[in-house]
1. Report the residue count in segment 1-33 for those that are open to solvent by 60 Å² or more (accessible area, probe 1.4 Å), of a type in the set (S, T, N, Q) and in a strand (DSSP E or B).
2. Just for segment 47-57: of the residues that are in a helix (DSSP H, G or I) and not hydroxyl-bearing (Ser, Thr, Tyr), which one is nearest to Lys15 (Cα to Cα)?
3. Tell me whether segment 34-46 contains one or more residues that are in a loop (DSSP other than H, G, I, E, B), at pLDDT below 95 and open to solvent by less than 80 Å² (accessible area, probe 1.4 Å).
4. Looking only at segment 113-123, decide whether some residue is over 17 Å from Leu20 (Cβ atoms) and either open to solvent by less than 80 Å² (accessible area, probe 1.4 Å) or of a type outside the set (Lys, Arg) (or both).
5. Could you check, for segment 82-95, whether at least one of its residues is open to solvent by less than 70 Å² (accessible area, probe 1.4 Å), under 14 Å from the mean Cα position of the chain (by Cα) and farther than 24 Å from Asp18 by Cα?
6. Is there a residue being hydrophobic (A, V, I, L, M, F, W, C), in a helix (DSSP H, G or I) and out of contact with any helix residue (DSSP H, G or I) (no Cβ under 8 Å at 6 or more places or on another chain) anywhere in segment 58-80?
7. Find the residue count for segment 129-162, including only residues that are assigned to a strand (DSSP E or B) and touching a residue at least 40 places away in the same chain (Cβ under 8 Å).
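The values are calculated or read from the model by the stated rules, or taken from the named source; none is laboratory data. Being a predicted model, the structure only gives us computed values, none of them experimental. Methodologically, a virtual Cβ is constructed for each residue, glycine included, from the backbone with ideal geometry; neighbour enumeration extends over all protein chains shown. To get the accessible areas, we keep the full protein, side chains included, count just its heavy atoms, and leave off ligands, DNA and RNA. Shrake-Rupley method; radii C 1.70, N 1.55, O 1.52, S 1.80 Å.
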Amino acid sequence: MNMIVAVDRNWAIGKNNDLLVSIPSDKKFFRTVTTGKVVVMGRKTLESFPGGLPLKNRTNIVLTRDSAYKVKDAIVCHSVEETLKLLEQYDSQDVYVIGGDSIYHQFLPYCSLVHVTKIDHAYEADTWFPNLDEMPEWKITADSDEQTYFDLEYRFLKYEKI
(Lines give C-alpha, C1' and ligand atoms only; values in the text may rest on other atoms or scores of the structure.)
Protein backbone atom coordinates (compact mmCIF):
# COMPACT_ATOMS: atom_id res chain seq x y z
CA MET A 1 0.00 0.00 0.00
CA ASN A 2 1.16 3.55 -0.75
CA MET A 3 0.63 7.07 0.51
CA ILE A 4 0.88 10.40 -1.26
CA VAL A 5 1.19 13.70 0.59
CA ALA A 6 2.47 17.27 0.35
CA VAL A 7 4.23 18.50 3.50
CA ASP A 8 6.00 21.65 4.60
CA ARG A 9 9.46 21.60 6.21
CA ASN A 10 7.82 20.70 9.59
CA TRP A 11 5.74 17.87 8.02
CA ALA A 12 2.57 19.98 8.32
CA ILE A 13 -0.14 19.07 5.80
CA GLY A 14 -3.11 21.36 6.38
CA LYS A 15 -5.05 23.99 8.20
CA ASN A 16 -8.81 24.37 8.60
CA ASN A 17 -9.45 21.25 6.45
CA ASP A 18 -7.53 22.68 3.50
CA LEU A 19 -4.12 22.19 1.94
CA LEU A 20 -1.38 24.58 3.03
CA VAL A 21 -0.63 25.58 -0.55
CA SER A 22 -1.75 24.59 -4.04
CA ILE A 23 1.14 23.92 -6.42
CA PRO A 24 0.01 23.04 -9.97
CA SER A 25 2.82 20.52 -10.62
CA ASP A 26 2.07 18.79 -7.29
CA LYS A 27 -1.61 18.52 -8.25
CA LYS A 28 -0.60 17.13 -11.65
CA PHE A 29 1.74 14.60 -9.99
CA PHE A 30 -1.09 13.54 -7.62
CA ARG A 31 -3.48 13.13 -10.57
CA THR A 32 -0.94 11.15 -12.62
CA VAL A 33 -0.06 8.80 -9.75
CA THR A 34 -3.61 8.13 -8.50
CA THR A 35 -5.74 8.09 -11.69
CA GLY A 36 -7.08 4.59 -12.29
CA LYS A 37 -6.11 3.56 -8.76
CA VAL A 38 -7.79 3.11 -5.38
CA VAL A 39 -7.71 6.13 -3.05
CA VAL A 40 -8.38 5.85 0.69
CA MET A 41 -9.34 8.96 2.62
CA GLY A 42 -11.18 10.24 5.63
CA ARG A 43 -14.56 11.93 5.41
CA LYS A 44 -13.14 15.41 6.02
CA THR A 45 -10.66 14.97 3.17
CA LEU A 46 -13.50 13.98 0.83
CA GLU A 47 -15.54 16.98 1.97
CA SER A 48 -12.60 19.30 1.24
CA PHE A 49 -12.76 18.39 -2.49
CA PRO A 50 -14.73 20.59 -4.93
CA GLY A 51 -18.40 19.94 -4.22
CA GLY A 52 -17.41 17.32 -1.64
CA LEU A 53 -17.42 14.79 -4.49
CA PRO A 54 -15.21 11.71 -4.91
CA LEU A 55 -12.25 11.95 -7.29
CA LYS A 56 -13.01 10.99 -10.89
CA ASN A 57 -11.43 7.93 -12.52
CA ARG A 58 -10.49 6.33 -9.21
CA THR A 59 -12.05 3.90 -6.75
CA ASN A 60 -12.79 6.14 -3.74
CA ILE A 61 -12.89 4.59 -0.27
CA VAL A 62 -13.98 6.90 2.55
CA LEU A 63 -13.38 6.06 6.19
CA THR A 64 -15.76 7.55 8.77
CA ARG A 65 -17.11 6.59 12.19
CA ASP A 66 -20.56 7.89 11.13
CA SER A 67 -22.52 4.68 10.45
CA ALA A 68 -25.21 6.60 8.53
CA TYR A 69 -22.73 8.34 6.19
CA LYS A 70 -23.33 7.72 2.49
CA VAL A 71 -21.72 9.27 -0.56
CA LYS A 72 -22.44 8.67 -4.23
CA ASP A 73 -19.66 6.97 -6.22
CA ALA A 74 -17.61 6.02 -3.16
CA ILE A 75 -17.32 3.02 -0.85
CA VAL A 76 -17.78 3.92 2.82
CA CYS A 77 -15.96 2.00 5.57
CA HIS A 78 -16.25 2.49 9.32
CA SER A 79 -12.96 1.10 10.70
CA VAL A 80 -9.36 0.50 9.72
CA GLU A 81 -10.00 -3.25 9.93
CA GLU A 82 -13.02 -3.06 7.61
CA THR A 83 -11.00 -0.95 5.17
CA LEU A 84 -8.03 -3.35 5.19
CA LYS A 85 -10.38 -6.29 4.56
CA LEU A 86 -11.96 -4.45 1.61
CA LEU A 87 -8.53 -3.57 0.21
CA GLU A 88 -7.58 -7.26 -0.01
CA GLN A 89 -9.46 -7.40 -3.33
CA TYR A 90 -7.11 -4.82 -4.90
CA ASP A 91 -3.43 -5.01 -5.83
CA SER A 92 -1.70 -3.24 -2.92
CA GLN A 93 0.51 -1.38 -5.45
CA ASP A 94 -2.66 0.31 -6.73
CA VAL A 95 -3.83 1.60 -3.33
CA TYR A 96 -3.00 5.17 -2.26
CA VAL A 97 -3.86 6.64 1.13
CA ILE A 98 -4.48 10.35 0.51
CA GLY A 99 -5.33 11.78 3.96
CA GLY A 100 -6.03 13.38 6.19
CA ASP A 101 -3.97 13.44 9.35
CA SER A 102 -5.62 10.61 11.33
CA ILE A 103 -5.97 8.38 8.25
CA TYR A 104 -2.27 8.81 7.46
CA HIS A 105 -1.33 7.93 11.05
CA GLN A 106 -3.61 4.88 11.15
CA PHE A 107 -2.50 3.44 7.79
CA LEU A 108 1.24 4.22 7.80
CA PRO A 109 2.10 0.84 9.42
CA TYR A 110 0.48 -0.93 6.44
CA CYS A 111 2.32 1.09 3.78
CA SER A 112 5.66 0.44 2.13
CA LEU A 113 5.99 3.52 -0.10
CA VAL A 114 5.20 7.21 0.42
CA HIS A 115 5.35 9.90 -2.26
CA VAL A 116 6.17 13.16 -0.47
CA THR A 117 6.14 16.60 -2.04
CA LYS A 118 8.34 18.44 0.45
CA ILE A 119 7.90 22.21 0.41
CA ASP A 120 10.76 24.28 1.82
CA HIS A 121 8.56 26.63 3.83
CA ALA A 122 6.98 26.55 7.29
CA TYR A 123 3.24 27.23 7.34
CA GLU A 124 0.82 27.82 10.16
CA ALA A 125 -0.96 24.47 10.39
CA ASP A 126 -3.24 22.28 12.49
CA THR A 127 -2.52 18.85 10.96
CA TRP A 128 0.72 16.96 10.38
CA PHE A 129 2.06 13.89 8.64
CA PRO A 130 4.38 11.59 10.62
CA ASN A 131 8.00 12.76 10.20
CA LEU A 132 9.51 9.96 8.12
CA ASP A 133 13.01 11.46 8.51
CA GLU A 134 12.85 10.53 12.20
CA MET A 135 11.83 6.90 11.51
CA PRO A 136 14.82 4.64 10.80
CA GLU A 137 12.72 2.16 8.81
CA TRP A 138 11.93 4.81 6.15
CA LYS A 139 14.57 5.81 3.59
CA ILE A 140 14.51 8.26 0.66
CA THR A 141 14.90 6.16 -2.51
CA ALA A 142 14.19 8.88 -5.09
CA ASP A 143 14.67 12.65 -5.03
CA SER A 144 13.76 15.05 -7.81
CA ASP A 145 15.68 18.15 -8.72
CA GLU A 146 14.55 21.19 -6.77
CA GLN A 147 11.43 22.74 -8.29
CA THR A 148 10.10 26.26 -7.85
CA TYR A 149 6.63 27.74 -7.90
CA PHE A 150 6.84 31.52 -7.56
CA ASP A 151 9.08 31.88 -4.49
CA LEU A 152 8.44 28.36 -3.13
CA GLU A 153 11.05 25.65 -3.48
CA TYR A 154 9.99 22.02 -3.28
CA ARG A 155 11.02 18.55 -4.35
CA PHE A 156 9.33 15.24 -5.04
CA LEU A 157 10.65 12.50 -2.74
CA LYS A 158 9.94 8.80 -2.61
CA TYR A 159 10.30 7.13 0.79
CA GLU A 160 10.34 3.35 1.07
CA LYS A 161 10.14 1.16 4.15
CA ILE A 162 13.26 -0.97 4.42
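1. Of the residues in segment 1-33, 0 are open to solvent by 60 Å² or more (accessible area, probe 1.4 Å), of a type in the set (S, T, N, Q) and in a strand (DSSP E or B).
2. Filtering segment 47-57 for residues that are in a helix (DSSP H, G or I) and not hydroxyl-bearing (Ser, Thr, Tyr), the one nearest to Lys15 (Cα to Cα) comes out as Glu47.
3. no
4. yes
5. yes
6. No, because not a single residue in segment 58-80 is hydrophobic (A, V, I, L, M, F, W, C), in a helix (DSSP H, G or I) and out of contact with any helix residue (DSSP H, G or I) (no Cβ under 8 Å at 6 or more places or on another chain).
7. 10
Conditions (1) within 26 Å of Thr64 (Cβ to Cβ); (2) not basic (Lys, Arg), marked per residue:
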{"position": "Met3", "(1), (2)": "yes, yes"}
{"position": "Ala6", "(1), (2)": "yes, yes"}
{"position": "Trp11", "(1), (2)": "yes, yes"}
{"position": "Leu19", "(1), (2)": "yes, yes"}
{"position": "Ser22", "(1), (2)": "yes, yes"}
{"position": "Ser25", "(1), (2)": "no, yes"}
{"position": "Arg31", "(1), (2)": "yes, no"}
{"position": "Thr35", "(1), (2)": "yes, yes"}
{"position": "Val38", "(1), (2)": "yes, yes"}
